[in-house]
Ligand SMILES: Cc1ncc(COP(=O)(O)O)c(C=O)c1O
């Protein structure tokens, strides 16, 4: 089905219910902690809410379909998914590579929780990933990396990891499965936050792990069962509901990002622009080989923090917020969170507004 249909068709089909006459097209959520057991003690499909839930199953099969995976596991947040995978793979004595330029909380988790457990943690930029993973057991890559939007050559890294017996985990949050499918490029597991463009309405947190190795997926499922970082049924249902329009929303976000990256690059108040979709971006060549769409994030550098604040204040459309992938175009000055970027560096998440309105708004807000 994957190769046959476009992204919006895949999104819509992924959330479809079985065509049973009289049953609702949109399945309702199943909020349940406890289920009836059979008197003969045979194991029912669902027995307790930390092990399984019918709404998770629907969401997980939609996510697996979009990622091109045999299966997926829903989690309470992107960090819940990532840390569960790390607890399974990066055990005492192992060497783990994490992005030095990626989502900062992952580095914090590794430093505060894995290093004290006896894990050797190495931080590497997109460019350094292959060299750093030479003797690694686990490599966690993120691409395009948040917030600089550099890109990792996933096929090359996957070949490198495979040759050395390392497990490659790819954070697919910024690209989404509608932008790239890391498993098809050789990754062993995908981890992602569904808080961003997949759910896309800035109203919930969710995460997932997708993969096709039965043993790996079973180990992650067991970690979820034992540690309990589970997604509520209602949130699972909301993500599922949002997935149907994810193709449409992501397409518009990418169109807006591409148009505004081009427009901003020519503006005298903008010192630099990073977007993998710009033909002269340092990441464009690799991005073109591995991405179907370049995503809704653009990074820009203005003179200083005051210039970023002024941009938001003078705009009629931009909101200041951290996180990304929502309906609204938003601006996040990343130095405030401690990212190693200049004070005037802003990550812009493009929403689904009309492109021309955003072009006009940015032009007047930048002055
Ligand atoms: C690339 C990336 N991965 C993971 C996460 C964590 O996701 P969540 O906030 O859903 O835990 C984020 C959050 O911003 C992120 O940007």
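Values in this text are rule-based calculations from the coordinates and carry no lab data. Source: prediction; values computed, not measured. Counting neighbours? That spans all protein chains shown, and the Cβs are built from the backbone with ideal geometry, glycine included.
Data overview
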{"quantity": "Per principal axis, descending, Cα span of segment 54-120 in whole Å", "calculated": "38, 24, 20"}
{"quantity": "On Cα atoms only, tilt of 214-227 relative to the major axis of the chain in degrees", "calculated": "90"}
{"quantity": "Inter-label distance for residue 323 and residue 212, nm, one decimal - labels placed 7 Å from Cα along Cα-to-Cβ", "calculated": "3.3"}
{"quantity": "At 0.692 mPa s and 37 °C, Stokes D of the chain from Kirkwood alpha-carbon radius, µm² per second", "calculated": "155"}
{"quantity": "Protection proxy ranking of 292-300, 157-165 - average other beta-carbon atoms within 10 Å, highest first", "calculated": "292-300, 157-165"}
{"quantity": "Angle between the chain longest axis and helix 246-265 axis [Cα atoms, degrees, rounded to 10]", "calculated": "20"}
{"quantity": "Anisotropy class of segment 50-168 from Cα gyration tensor, a/c 1.5 cut", "calculated": "prolate"}
{"quantity": "Peptide ranges 276-285, 82-91 listed from the most packed, as the mean C-beta count within 10 angstrom indicates", "calculated": "82-91, 276-285"}
{"quantity": "Label-point separation, residue 292 to residue 26 (7 Å along Cα→Cβ), nm", "calculated": "2.4"}
{"quantity": "Whether segment 1-83 is rounded, prolate or oblate, judged on the alpha carbon gyration tensor where a/c under 1.5 counts as rounded", "calculated": "oblate"}
{"quantity": "Equivalent ellipsoid dimensions for segment 132-262 as semi-axes, Å, which come from the Cα gyration tensor, largest first", "calculated": "26, 22, 11"}
{"quantity": "Prolate/oblate/rounded call for segment 208-314, Cα gyration tensor, a/c under 1.5 rounded", "calculated": "prolate"}
{"quantity": "Highest to lowest packing among 205-212, 149-156, 123-130, 26-33, scored as the average C-beta count within 10 Å", "calculated": "205-212, 149-156, 123-130, 26-33"}
{"quantity": "Cα centroid separation, segment 197-213 to segment 282-300 (Å)", "calculated": "20"}
{"quantity": "Extension reserve of the residue 268-residue 316 stretch, reckoned as 0.36 nm per residue once the Cα distance is removed", "calculated": "15.2 nm"}
{"quantity": "Mean-position separation - Cα centroids, segment 317-367 and segment 59-137, in angstrom", "calculated": "27"}
{"quantity": "Among 226, 327, 178: highest mean-square fluctuation, GNM of the chain, C-alpha pairs under 10 Å", "calculated": "226"}
{"quantity": "Helical mean residue ellipticity (222 nm; -39500 (n - 2.57) per DSSP H run of 4+; nearest 500) of the chain", "calculated": "-10500 deg cm²/dmol"}
{"quantity": "Sites residue 41 and residue 159, calculated FRET efficiency, Cβ-Cβ separation with R0 41 Å, nearest 0.05", "calculated": "0.25"}
{"quantity": "Pair residue 34, residue 135: separation of 7 Å Cα→Cβ label points (nm)", "calculated": "5.4"}
{"quantity": "Degrees, to the nearest 10: 305-314 long Cα axis against longest axis of the chain", "calculated": "80"}
